Amino acid sequence: MNSCQKAKTDFSTFFGTQECDRGSAFGGDFDLSPCFTHYGCPNEMSDLPGVGRAGAKGGTASRIPRCAPSQRQRQTATTMARSPRPKSSFRPVFHERTTEEDDSILTQQLWKLARKTGNLNLSNKALASVPERLYDINEADADSKAVNLEQLSIKEEDAWWNQVPLTNLDLSSNTLTHLSPKIANLQHSLTVLTLHDNALVELPSEIGKLEKLMRLNVSHNKLKQLPRETYSLPELRHLNISYNEFNELDPDISDLHMLEFLDAGHNNIQSLPGGIGFLVRLTALLLPHNHIKELPPDLVNMRSLQKLDLMQNDLTCLPEDMGLLRKLECLYLQHNDILELPNFEGNEALSELHASNNFIMTVPKAMCSNLPHLKILDLRDNKITELPDELCLLRNLNRLDVSNNTISMLPVTLSSLAHLISLQVDGNPIKTIRRDIIQCGTTRILKTLHERALAKAKEDGSDNAVSNSGAGISVTRLSGGQAEDCELPSNYPDRYKLRHTRTLAVNLEELTEVPEQVFQIARNEGVHVVDFARNQLSTLPNGLQHMHDLVTELVLSHNLIGYVPKFISQFTRITFLNLSNNLLSDLPMEFGVLNTLRELNIANNRFQFIPNSVFELQGLEIFIASENHIKTLNVSGLKSMPRLSTLDLRNNDIDSIPPTLGNLTNITHLELVGNPFRQPRHQILMKGTDAIMSYLRDRIPT
């Protein structure tokens, strides 16, 4: 028995040798002819005469029953047979773009919009080449010149004298491999040229003729260099060449004297040119994911630099005179080979220092006293074995991450950091604190350290370190290498520390009052930052008046303050005031004369309305009033604050948002979540400030 016969036997065994009744298969409602006995074997079918030969006579073509074509199908087949096949019946979805297709992208509608607004967006159009017509967009076309007066009276905006030159051209996210030299036709108008996410391998030298160009973005391409003429652009302020194939930066880049932003990250740059220090207007220098091993000495000449990103390079050290970058605020050094950190003397403005994944073994003690405004210190994944007690000098520190080091003990001085909200110590062999306490998080760790500091002070016989006539004392006080100052109470920082840090900070000491002589000495030492957060003060200390012409930052959060005295109006230099987490319900009218105030935080108090004196703060930029009981929103009052850019009103009792709030275009960051109003809905709030303001403007009655 061959395989076909065996298959037929198995088939018959399974289905039976009788003809199947399709009517019974469908419940007996159909009277259909038998469907099959068997199909037969392919080998047998090939032996049948006429099989496989179209139109062969004799023998059965197939044992499978087929339906005869209907009359309509026969007519359709006849028509198709008679009609000739078109030459181009279809176009593949993926095909090489032609010039005609690219030119058709620039429609008449886009053309008119660009002539009217000066902006042309051709991003994500799959362009293989730039439409030729684009380069003549600043020229008046024949149609606009030929219109008569009657047509102009109907549609005057189309007249050539009402059209503006092209200033912003976006060709990003296409497949461009080159740019025509005709780009020079836009030399007198173009200010922004966006070419990111293309396949450009070079740029034409004519790009150097764009004398008005201020922003150039060529990131995510295949460029290895820029034309030398690019470095002669007189107005260029923003240059992005990231995600390309640069091996070095051209020394001529120092000729871009107006440059303020440079992003050359994600390339193969080995070193920086010596003259880069001539970019004295640069505020942001981004060089991540390269292979830079050393920084040029003149880098510190960039006196305007605020952000420096050097992560994912091959650096082993930093310049010793980093302190010359006095405006530096953010420094990113992750994933390098750095062995030690400099003292950062002079970098008082530094607020973020990220140095994880290096080979740092120690934290310089001097660094702690030189960075009074540091808020984030990231030292995870290093080789640090010990943390210095001087960390308590980082009074504004919010986040400290020393995970995955070899630290065996945490200094008790960490408990004096009143603003520390995140302390990460996982991955260290700490033996002095139980693991379950560490797992409970920052608050529990700091509480444990504080209790141990108090116990240690008592063991040393310095009970006065715990309390001093209700005034309190910092048990973590450091003398800075100097003897105790007899003029200051023993529970306050000594003169040396005041003079060096310009900061008077006493936190977590349950203070109910502050001796007047403390402020007199602080004034003599030139202190301008006062921080008494996390105490039990019921109002501002009277002695604070001695520093009314010096204080620029005043922090009194987490106290029991129920009112603000009128002498607050005497602080003519104050720029930052934090009164959050107190018992305030109003502010005095004299508060409105603080014209130098830039940031005000009254969160988590008992305000039921925004005090009228706040609306008189003409210089206020950031206003935080979350976690109160504010019920209404005074838009007219907010309108009188021209510089207000951040408004935080989360978690209040506001039941309606006036649509006219949307007209306050100076507000760029608005927080309204956690209020009982119904409109705007939560989905719109989650989209951000722009969506909220647009929603409100659309509902202004006309």
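What number goes with the only condition from (1) in contact with a Leu (Cβ under 8 Å, 6 or more places away or on another chain); (2) farther than 22 Å from Val593 by Cβ; (3) among the β-branched types (Val, Ile, Thr); (4) not in a loop (DSSP other than H, G, I, E, B) that Ile667 does not pass?
Among (1) in contact with a Leu (Cβ under 8 Å, 6 or more places away or on another chain); (2) farther than 22 Å from Val593 by Cβ; (3) among the β-branched types (Val, Ile, Thr); (4) not in a loop (DSSP other than H, G, I, E, B), the lone unmet condition for Ile667 is (4).
Taking the condition farther than 24 Å from Glu348 by Cα and among the acidic types (Asp, Glu), does Glu516 pass?
In short, yes.
Test of understanding: among Phe607, Phe591, Phe615, Phe623, which residue is part of a strand (DSSP E or B) and crowded, with 17+ Cβ neighbours inside 10 Å? Can you show your working first?
Details: Phe607 fails: part of a strand (DSSP E or B); Phe591 fails: part of a strand (DSSP E or B); Phe615 fails: part of a strand (DSSP E or B).
Among Phe607, Phe591, Phe615, Phe623, only Phe623 is part of a strand (DSSP E or B) and crowded, with 17+ Cβ neighbours inside 10 Å.
Going through the stretch 305-314 one residue at a time, which ones are more than 14 Å from Gly346 (Cβ to Cβ), open to solvent by less than 30 Å² (accessible area, probe 1.4 Å) and part of a loop (DSSP other than H, G, I, E, B)?
Result: Leu310, Asn313.
Would you say Leu550 is open to solvent by less than 10 Å² (accessible area, probe 1.4 Å) and either at pLDDT below 95 or out of contact with any helix residue (DSSP H, G or I) (no Cβ under 9 Å at 6 or more places or on another chain) (or both)? Quick ask: steps written out before the conclusion?
Values: open to solvent by less than 10 Å² (accessible area, probe 1.4 Å): no; either at pLDDT below 95 or out of contact with any helix residue (DSSP H, G or I) (no Cβ under 9 Å at 6 or more places or on another chain) (or both): yes.
Taking the combined requirement at face value, the residue does not satisfy it.
Being part of a loop (DSSP other than H, G, I, E, B) and crowded, with 17+ Cβ neighbours inside 10 Å is the filter here; which residues of the stretch 331-344 pass it? Talk me through it step by step, then tell me what you get.
Initially, the stretch 331-344 is screened for residues part of a loop (DSSP other than H, G, I, E, B), giving 333-344.
Correct list: Leu333, Gln334, His335, Asn336, Ile338, Leu341, Pro342, Asn343, Phe344.
Of the residues Ser403, Ser356, which single one is surrounded by fewer than 19 Cβ atoms within 10 Å (Cβ to Cβ) and more than 25 Å from His558 (Cα to Cα)?
Only one candidate passes the filter, namely Ser403.
Filter the stretch 192-220 down to the residues that are under 17 Å from Ser173 (Cβ atoms) and open to solvent by less than 10 Å² (accessible area, probe 1.4 Å), then identify the one that is nearest to the chain's Cα centre (by Cα).
Looking at residues that are under 17 Å from Ser173 (Cβ atoms) and open to solvent by less than 10 Å² (accessible area, probe 1.4 Å), I get Ser219.
How many residues does the stretch 221-231 hold that are touching a Gly at 6+ places or on another chain (Cβ under 6 Å) and open to solvent by less than 10 Å² (accessible area, probe 1.4 Å)?
Total meeting the criteria: 1.
Suppose we filter the stretch 98-136 for residues that are outside any helix (DSSP H, G or I), closer than 17 Å to Gln163 by Cβ, open to solvent by less than 40 Å² (accessible area, probe 1.4 Å) and in contact (Cβ under 8 Å) with a residue 40 or more places away in the chain; how many remain?
Total meeting the criteria: 2.
So in the stretch 232-260, with the set limited to residues that are under 29 Å from the mean Cα position of the chain (by Cα) and not in a loop (DSSP other than H, G, I, E, B), which one is surrounded by the fewest Cβ atoms within 10 Å (Cβ to Cβ)?
His238
Return the pair list, or none, for Cβ contacts closer than 7 Å from residues in the stretch 561-576 that are under 24 Å from Glu510 (Cβ atoms) to residues that are outside any loop (DSSP other than H, G, I, E, B) and acidic (Asp, Glu), at least 6 apart or on different chains.
Ile568/Glu590
Does the stretch 681-695 include one or more residues that are in contact (Cβ under 8 Å) with a residue 40 or more places away in the chain and open to solvent by 10 Å² or more (accessible area, probe 1.4 Å)?
Step one: filter the stretch 681-695 for residues in contact (Cβ under 8 Å) with a residue 40 or more places away in the chain, giving none.
Within the stretch 681-695 (the criterion being in contact (Cβ under 8 Å) with a residue 40 or more places away in the chain and open to solvent by 10 Å² or more (accessible area, probe 1.4 Å)), the answer is no, since none of the residues qualifies.
Looking only at the stretch 369-392, filter to residues that are more than 16 Å from Glu320 (Cα to Cα) and outside any loop (DSSP other than H, G, I, E, B); which one of those is most open to solvent (accessible area, probe 1.4 Å)?
Going through the qualifying residues, I end up with Asp389.
Within the stretch 522-554, can you find the residues that are in a strand (DSSP E or B) and in contact (Cβ under 8 Å) with a residue 40 or more places away in the chain?
Result: Val529, Asp531.
What's the total number of residues in the stretch 299-327 that are free of Cβ contacts under 8 Å to residues at least 40 places away in the same chain and in contact with a Gly (Cβ under 9 Å, 6 or more places away or on another chain)?
Of the residues in that region, 10 qualify.
The values are calculated or read from the model by the stated rules, or taken from the named source; none is laboratory data. As the structure is a computational prediction, the values presented were derived from the model and not from experiment. FYI the Cβ positions are ideal-geometry reconstructions off the backbone, even for glycines, and counts take in every protein chain you see. To get the accessible areas, we keep the full protein, side chains included, count just its heavy atoms, and leave off ligands, DNA and RNA. Shrake-Rupley method; radii C 1.70, N 1.55, O 1.52, S 1.80 Å.
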